[in-house]
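Each remark here refers to the structure printed beneath this line.
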Amino acid sequence: MTNLYSYYLQVLFLSFIVINHLLEIYLSRRQLTKLQQNRDMVPVAFQDSLSLMDHQKAIAYASARINLSQLRLLFDAGLLFYWFPFRGAEKLFLAIPDLGTHREVIFLLLFSFIQMLINLPFSLYSTFSLEERFGFNRTTPKLYIVDRLKGLILGGLITVPLLYLVFFLYNSLGDWWWLASFGLITVFQLALVWLYPTFIAPIFNKFHPLEGEELKSGIEKLVTNAGFEAKEVFVMDASKRSSHGNAYFTGFGKSKRVVFFDTLLKDLKTPEILAILAHELGHLKLKHIPKSLVTSLILSFLGFWLMGVLSNQTWFYSGHFVRVYSPGILLLLFTQAIPLYTFWITPISSWISRKREFEADAYAASEVDAKYLISGLLNLYQKNASPVVTDKYYSGFYHSHPPALERIKHLRSLEIKSSEGLS
C-alpha cells in the first residue's frame with residue numbers, strides 16, 4: 001500500500017510541476033496579447049490623464065517583465081525536476097558528512113545558497129538591464145553587493161538559531177514537535193513584524209518623519225480619525241535604488257507606521273499625498289492587518305500539523321523522489337514542493353486582497369475628496385509605467401490590487417455619491 005501511495009503521489013507531483021507552470025505561461029501569454037492589442041490606443045477612461053507615449057512605455061515595460069518571468073518559469077520547472085525527480089536534493093544531503101543536527105542545518109543553508117547563486121543572473125538582468133532600459137534603476141553595483149551581503153548576514157543570524165531550535169524540538173518532543181515548532185515560529189514571526197520597522201528596515205534604508213507645514217494639519221486629522229499617531233508616518237529613501245513610487249503599512253503596536261517612498265512624494269501634490277495616506281490608514285482602520293495575520297497563523301498551524309502527520313510517512317518522501325528521511329529533508333519538501341499544491345489557492349488570496357483594496361479606497365473617499373485619490377493613482381500608474389489594461393484571467397489570478405479601470409471606475413462612483421450627498 002505504501003508503494004502505491006508513493007506512486008500516486010509521484011504522478012501527482014510531476015503533473016503539478018507541468019500543469020502549474022503551463023498555466024502560468026498560458027496566463028502570461030494572455031496578458032501579453034491583451035497588452036499588444038491595446039498598444040496603439042489609450043483606453044477612453046484614461047485619455048485625459050495618460051499620454052500615448054506613457055501608455056506605450058507601460059505596455060513595453062510590462063511586456064518585458066512578463067517575457068522575463070516566462071523564462072524564469074521554465075527555469076524554475078527545470079530546477080524542481082533536478083532537485084526532486086532527478087534526486088539533486090538527495091545527492092546534496094548525502095554529500096554532507098553525518099554530523100547529526102549540524103548536517104541538517106548545513107544542508108538547508110547550502111541549498112538556499114545554491115538557489116541564490118542560480119537565481120543571481122535573473123536578479124542582475126532585471127536590475128541592471130531591464131529596469132535600467134526603462135529608466136527606473138538607480139542601484140549601483142556597490143549598493144547591490146552591499147544589500148546582498150547585508151541580507152546574507154542578517155538571514156544567517158536569524159535563520160541558523162531558528163533551525164537549531166526547530167531540530168531540537170523535533171528530536172526532543174516526539175509526535176508533538178510540530179505544535180511546539182508552530183508556537184516557536186509564531187512568536188518569531190510576531191517578533192519580526194514588531195522589530196522590522198524600527199530595527200531591520202533601517203539597516204537597508206533611511207527613514208524620517210513626513211514633514212511639511214501644509215501636510216501636518218491634514219495628517220493629524222487623518223491619523224486621529226484612524227486611531228493612529230502622526231509621528232508614525234515616515235518617508236523612506238527609496239530613490240537610491242529605484243525611481244518607482246509606493247507606500248505601505250507595516251508593524252503593529254508601538255512600532256506600526258505608514259511609509260511613503262520619497263520617489264512617490266516628489267511626484268504628488270499635497271491633497272494626493274493625503275488621499276494615499278487615507279487609503280493606507282484605511283487598511284489599519286478596517287483591521288486588514290490583523291485579519292491577514294490571523295489567516296496566516298491558521299494556515300501556518302495547518303501546515304505544521306500536516307508536517308507532523310507526514311514526518312514519519314515514508315511514502316511522502318518517496319512520493320517526491322527522496323529516499324532520505326530526515327527533518328532537514330522534511331522542511332525542504334514543505335518549502336519547495338508543497339507550494340505546488342497550494343498554488344491553486346492563489347486566486348482566492350488575490351481576490352481577498354483586491355476586495356480589501358476596494359474597502360480601503362472607500363474609506364479614503366470618506367475621509368478626503370475621491371478625486372485626489374484618483375489623480376494620485378493616475379500619477380502613480382504613469383510614473384511607475386503600470387499598464388492600465390489587463391487580461392481579466394491574468395489579473396484575477398495574480399493581482400493583489402484591482403485593475404486600473406475597475407479601481408478608477410469604483411472611485412469615480414464614490415465621488416459621484418459624495419457630491420450627490422452634499423447637494
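The values are calculated or read from the model by the stated rules, or taken from the named source; none is laboratory data. Here the structure is a predicted model, which is why all the values come from computation and not from measurement. Please note: Cβ atoms are built from the backbone with ideal geometry, for glycine as well, and neighbour counts cover all protein chains shown.
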Worksheet, complete the sentence: Going through region 361-380 in order, the residues found to be under 24 Å from the mean Cα position of the chain (by Cα), surrounded by fewer than 21 Cβ atoms within 10 Å (Cβ to Cβ) and more than 16 Å from ASN225 (Cα to Cα) are LEU378, ASN379, LEU380
Worksheet entry | Enumeration of residues in region 13-40 that are of a type in the set (A, V, I, L, M, F, W, C) and touching a residue at least 12 places away in the same chain (Cβ under 8 Å) | PHE13, LEU14, PHE16, ILE17, VAL18, ILE25, LEU27, LEU32, LEU35
Fill in: Counted residues, region 368-395 - those being assigned to a helix (DSSP H, G or I), of a type in the set (Gly, Ala, Ser) and at pLDDT below 95
3
Worksheet item: Can you spot a residue in region 42-53 that is modelled with pLDDT of 95 or more, assigned to a helix (DSSP H, G or I) and buried (at least 16 other Cβ atoms within 10 Å of the Cβ)?
Response: no
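Residue-wise test of (1) crowded, with 17+ Cβ neighbours inside 10 Å; (2) at pLDDT 95 or above; (3) closer than 30 Å to ASN384 by Cα; (4) over 21 Å from the mean Cα position of the chain (by Cα).
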{"site": "TRP83", "(1), (2), (3), (4)": "yes, yes, no, yes"}
{"site": "ALA89", "(1), (2), (3), (4)": "yes, yes, no, yes"}
{"site": "LEU94", "(1), (2), (3), (4)": "no, yes, no, yes"}
{"site": "PHE111", "(1), (2), (3), (4)": "yes, yes, no, yes"}
{"site": "LEU124", "(1), (2), (3), (4)": "no, yes, yes, no"}
Worksheet, complete the sentence: Exactly one of PHE334, PHE301 is farther than 30 Å from ALA95 by Cβ and hydrophobic (A, V, I, L, M, F, W, C), and that residue is PHE301
Worksheet entry | Near pairs, Cβ below 8 angstrom, 6+ apart or cross-chain, from region 295-323 (farther than 15 Å from ILE185 by Cα and in contact (Cβ under 8 Å) with a residue 40 or more places away in the chain) to any residue that is among the basic types (Lys, Arg) and surrounded by 14 or more Cβ atoms within 10 Å (Cβ to Cβ) | PHE321/ARG87; VAL322/ARG87; ARG323/ARG87
Discussion item. Can you name every one of the strands (runs of 3 or more DSSP E) wholly within region 170-260 that holds 1 or more residues which are among the aromatic types (Phe, Trp, Tyr) and buried (at least 19 other Cβ atoms within 10 Å of the Cβ)?
Written reply: 247-250
